[in-house]
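One structure is given here, and the rest of the page talks about it.
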Amino acid sequence: MRTAVKPLSEAVKGAACVVLALVAACRADPRGTPPTTTPADFVAPVNVDTTGLPGPVQPVFYRHDVHAGQYKMDCRYCHYAAEVSLHPGMPTMRTCMGCHSIVAGDNPEVQKFRDADLSDPNQSVKWVRVHVLPQFVHFPHMRHVKGAGITCQTCHGPVQEMPRVYQYSSLRMGWCLDCHKKNKVTLDCTACHY
Amino acid sequence: MSDGLDRRRFLKVLGVTGTGAAALAGCSSEPVERLIPYLVPIEDQVPGVSTWYASTCRECPAGCGLHVRVREGRAVKVEGNPGHPINHGRLCSRAQASLQGLYNPDRIPGPMVRNASGQFEPIKWDDAIARITSQLGKVQGSRVWFLTGHETGTFAGLIQQFLAGFGSSNRIAYEPFGYEALRQATRDVFGVDALPIYDFGAARYVISFGADFLETWLSPVEQSLGFTRGHAFADGKMGRFVHVEPRLSMTGMSADEWVAPVAGSEGAVALAMAHVIVRDRLARSSGDTGVLRALLNTHAPADVAARSGVPAETIERLAREFASQGPSLAVAGGVGAQHGNAQLTAAAAHILNYVTGNVGRTVSFDAQATLPGGGYSDLRRLVQAAAGGQVEVLFVHGANPAYATPPGLGAAEAIAKVSFKVSFSRFWDETTTAADLVLPDHDPLEQWNDSQPRAGAYLLQQPVMQPVFDTRQTADVLLGVAQQAGGRAARDLTAESYQDYLKAAWRRIQGSVGDARPFDVFWMECLQQGGAWRETRRRTVSLAGSAARVADRPWTAPEGRFALLAYPSPVFSDGRGANRPWLQELPDPVTKITWSSWVEIHPDTAQRLGIAEGDLVEVTSEAGAITVPAYLYPGIRPDVVAVPLGQGHTAFGRYAKDVGANAYRLLAAEPTPFGGVGHYAAVALRNTGAHERIAKTEGNPRQMGRGIAQATVFAEAASGKIEKHEEAHAAEVPEKIQRLLDEVQQEQYRDWRTRGSYALATAHWGMAIDLSRCTGCSACVTACYAENNLPTVGKEMVRRGREMSWMRIERYFEGGHDTPLEARFLPMLCQQCGNAPCEPVCPVFAAYHTADGLNGQVYNRCVGTRYCGNNCPYKVRYFNWYDASEPGAATFAWPEPLHLLLNPDVTVRSKGVMEKCTFCVQRIRGKQHEARMRGSPLKDGEIQTACQQTCPSEAIVFGDLNDPASQVSKLAQDQRGYAVLEGLNTRPSVTYLQKIRNVVEA
């Protein structure tokens, strides 16, 4: 269900191709705003049946529901740039090992990267990108996260309950504009397209 | 809307028929995208946030300060360092294009060695160092030579030490434009070995004898800034500038008066002026001018008039103006100081300054002795030694003698005889392709280094990113060789790395600038600000006895031949910039020609010889011949022709190889009396009968009464009565109708302001461009290429008018027949019209008016009908006819690794999309984000467009027209202000301020 799109940062790749999103247009989300926290006693299931899970298979089965849900880690602990940058930032391998050199070292998923050589760039985990915007869209995370105080879940859905992350919102322009209209903020094309 | 079908309905209809095609196009499958995080967090890098590093530009010896913008670990833009003592935040085209040196796809990817069959093959760095060590062990020190370009910093000292360690002292520095004449003249007239420093900002009257001080001569950015501050019209005052050269150069185009003497007689004109000043006691005598009596007596205006073709009255008038309108300044340089009699030209300018009392006011002398090594005469020594078999090991760094010397010198042949030649070049240039061992240096943006362009200025370079290729800094290679060789070299050069060596040198520099803090504090501060500088006491000079012996050896072209001026190209200089596609595509400021060489011929001469524009003309001198297309140029004497240097490479990568012709081939190898290359030659012209269409961006060189680039004279401007140009072809609009139009317009604006984003708007972005400041240098054009990911399209597409230059400098000529020839420049970019003709014709709403007054262009909406481009009266919309963004396409503009310079904040447009300037909307949005995040409103001047930021003459001002206190609002109300093609009622947001010419009333 992902669309044919290219990343913001890799400007070179991109032809400004006409993106035809294959997902159905959802003008207003019937599900409402997802919860931003889980109950205090939320426990992520130990075993998950991965066959039916939405979202792409990742090289490491990283469990957002364990980290953000059960252990209540702040999203911004790993996505450290979301308040200051256009991009949210991806955790470095050292950030992972900061905890995993002490805890859960015997987890088979952790073992996939725990002995990685941090001086060899090829040994970084090659995550499959879930939320992709075309290169002709410039989405500033900091304006939304810090400037407007919007929760991560508003766009990304209840990630803290997702064993595997999938694209929750359509990320289509109409979906952006619905929110902008509702909040009476800019509807100018060159706010995002330049 | 009164017509039957409104835009939205039209869109709907179009949508139904267009769906099928869109669905097909949208079904291509894209590969899965990966997010690859860093392994270890990088201290000063946040993804999506730019980091700026201070460094120093090394594209020419001037030493401008840089701020390099780095995103995700790669340099994406260079800008001037605002706190820098030399360039004050401004840069030229060549500095802007330095990124294309860093990411040039034709850089040598790693160390190479020539094998037995004569081919180059890769070699390991350690093996390469071992080879050098073993070679040096086998030969006598006196047979080891090291050729460099202009090096003034720590690296120069390291080379001396390195050579001394092997018993050699043969270090040669060769810079094709080494200012030998100026240096010799300074020694003759003042008895000191120093380069003069000119204060253009303080001078109210400047006379230039051939000096292209806004282009390549000495420190062009610093001089542009100073010159416009001293010369441009402000507060009812302005300076005056007279240019004396047989050809009207780009610098000359900024002059208020152009005097065209016979080629080679510039110095005589200057001496005649000095003669008048001394004879009539026009200036307070600043010393004993008695020693000059004999020299000046032989240069009476009447005698010089006969020789130079400049009327005696003109010389007398200029002399009186020069003495009375002080502080004044005379400069001699450029190609005018590169001919057989150039020593006199330079000396005459010194004398003229001296007798007028300018020395110590607008002219001062640096306390630092100049360029070590000897320039061309030392290079000749090397070539003679090599030809005689006395050179066994030759290191070449930063020089390309096989290209940038007259072929009669035989540099290439002599160097071929050297048994072991090591090149440290980053590119496969003409000298490097003949080397035995090629050890590519880091790019200046990848290395630690420093330079001292003048006394008191210590400028640092720091690596702004990881090296792109497997290169190694030459200084580190030399240190490695010294360590391995042992002996004296190893004892002298003990530093682990060049960084350590440099730091040790900077401990000494810290002492000499009188800084007593801990070294680490000093070092960090220098890294932050780009170096250390202090005011130095300038040397005081007085007239030397040798001034009397300045010789006048008139140089004239023999009868029936033309005097050729081989001048340094404003963008390629001596040819080192020719492999940068931005510079190749940048229209020459004077002729507007791209990707080519040419010969400039006066239209009358051309008519006499039966030559039309584009005819391939064979230019023959005693030294050689080249064949280049003719360009008919009214700004040149009929007995003179001119060819730019810098093109005609036989190697040097895909962008430079086989483009144009090498004008060095016309120059004599015999050095001038002062030891330089003579850049004047006597040539014959022959029309070969062949023809090519010149790839130029010039439309009509005349304005045809349209009042596009307007100018007025100083007397009018000072009196405050400026006449606006009357639109020649605009129909007379009755006042009643005009009022009605205004009302409709205002109603429309009112209507807009109540809707959606428009209701939120606070700003109206606008620009003011002062034509009395613009020098036509085109730095803004290259800055725009760099900022906005503009593709280069190549010669053939330029011929078809398909260049993608969002910003261009239009050049118009006025007069030339009965009145003096006058050139005007006009930077033309999207005018962001308030009543834009492009917007209503867009069927898909891709061209639309933003709430803050821009003509937005939404690339992903554009379907490429080109209606907007057709409807634009300014020709500032550019269509992507071919795919410049598709790797693999023949028209791909960013072959790897050139794509790394793309600005991640700007969409790369694809085929079929119309694009244009939007006042760097990405910068506007970026600064708006910053302002919102810090919680305070934007300040005037906080947003700078790329063109404004780089402009070396501060001609461009950008800001909010709705803020009455902003600088741009004030300029928009200036009495000189006008809009281009005002009669079309497009209501542009760009205000041009008329050029003011300080002419003498006839």
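Among the residues of this structure, A:L118 counts as one that is farther than 30 Å from B:R753 by Cβ, surrounded by fewer than 18 Cβ atoms within 10 Å (Cβ to Cβ) and in contact (Cβ under 8 Å) with a residue 12 or more places away in the chain.
Let's see how each residue does on (1) modelled with pLDDT under 90; (2) β-branched (V, I, T); (3) touching a Gly at 6+ places or on another chain (Cβ under 9 Å); (4) farther than 23 Å from A:E161 by Cβ:
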| site | (1), (2), (3), (4) |
| --- | --- |
| A:A4 | yes, no, yes, yes |
| A:C26 | yes, no, yes, no |
| A:P34 | yes, no, yes, no |
| A:F42 | yes, no, yes, no |
| A:Y62 | no, no, no, no |
| A:S85 | no, no, yes, yes |
| A:G89 | no, no, yes, no |
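Just one of the numbered conditions (1) crowded, with 24+ Cβ neighbours inside 10 Å; (2) within 22 Å of the chain's Cα centre (by Cα) is not true of B:T591: (1). Taking the criterion of being away from chain B (no Cβ under 14 Å) and among the small types (G, A, S), the only residue of the range A:140-159 that qualifies is A:G157. Evaluated against (1) touching a residue at least 40 places away in the same chain (Cβ under 8 Å); (2) away from chain B (no Cβ under 13 Å); (3) assigned to a loop (DSSP other than H, G, I, E, B), A:V84 falls short on exactly one condition, (2). For B:T850, state whether it is over 30 Å from B:F241 (Cα atoms), within 14 Å of chain A (Cβ to nearest Cβ) and of a type in the set (V, I, T). When the stated conditions are applied, B:T850 passes them. Here B:D905 does not qualify as surrounded by fewer than 23 Cβ atoms within 10 Å (Cβ to Cβ) and within 12 Å of chain A (Cβ to nearest Cβ).
The residue that is farthest from the other protein chains (Cβ to nearest Cβ), counting only those in the range B:49-63 that are part of a strand (DSSP E or B) and out of contact with any Gly (no Cβ under 7 Å at 6 or more places or on another chain), is B:Y53. Just so you know, in the range B:908-932 the residues that are of a type in the set (K, R), facing another protein chain (nearest Cβ under 10 Å) and not in a helix (DSSP H, G or I) include one that is nearest to the chain's Cα centre (by Cα), and it is B:R909.
Just one of the listed residues (A:V159, A:V125) is closer than 28 Å to B:E43 by Cα and either at pLDDT 90 or above or among the hydrophobic types (A, V, I, L, M, F, W, C) (or both), and it is A:V125. In summary, strands (runs of 3 or more DSSP E) completely within the range B:167-247 and bearing 1 or more residues that are surrounded by fewer than 24 Cβ atoms within 10 Å (Cβ to Cβ) occur at B:170-173, B:196-198, B:240-244. Scoring B:A516 on the criteria (1) within 30 Å of B:L394 (Cβ to Cβ); (2) assigned to a loop (DSSP other than H, G, I, E, B); (3) of a type in the set (A, V, I, L, M) leaves a single failure, condition (1).
Could you tell me whether B:F155 is under 27 Å from B:H84 (Cα atoms), in a strand (DSSP E or B) and out of contact with any Phe, Trp or Tyr (no Cβ under 6 Å at 6 or more places or on another chain)? Criteria not met by B:F155. All told, B:M238 falls short of being closer than 23 Å to B:R637 by Cβ and either in the same structural domain as B:L329 (by TED's automatic domain parsing) or not aliphatic (A, V, I, L, M) (or both). Out of all the residues in the range B:778-785, is one or more among the hydrophobic types (A, V, I, L, M, F, W, C), part of a loop (DSSP other than H, G, I, E, B) and surrounded by 12 or more Cβ atoms within 10 Å (Cβ to Cβ)? The answer is no; no qualifying residue exists. The residue list B:A283, B:A306, B:A294, B:A263 contains one member that is of a type in the set (A, V, I, L, M, F, W, C), in contact with a Lys or Arg (Cβ under 8 Å, 6 or more places away or on another chain), at pLDDT below 95 and on the phi < 0 side of the Ramachandran plot, which is B:A263. Can you spot a residue in the range B:142-156 that is in the same structural domain as B:V422 (by TED's automatic domain parsing) and out of contact with any strand residue (DSSP E or B) (no Cβ under 8 Å at 6 or more places or on another chain)? The answer is no; no qualifying residue exists.
The values are calculated or read from the model by the stated rules, or taken from the named source; none is laboratory data. Please read these numbers as outputs of a predicted model, since none were measured by experiment. Cβ: placed from backbone, ideal geometry, glycine included. Neighbour counts: every protein chain shown.
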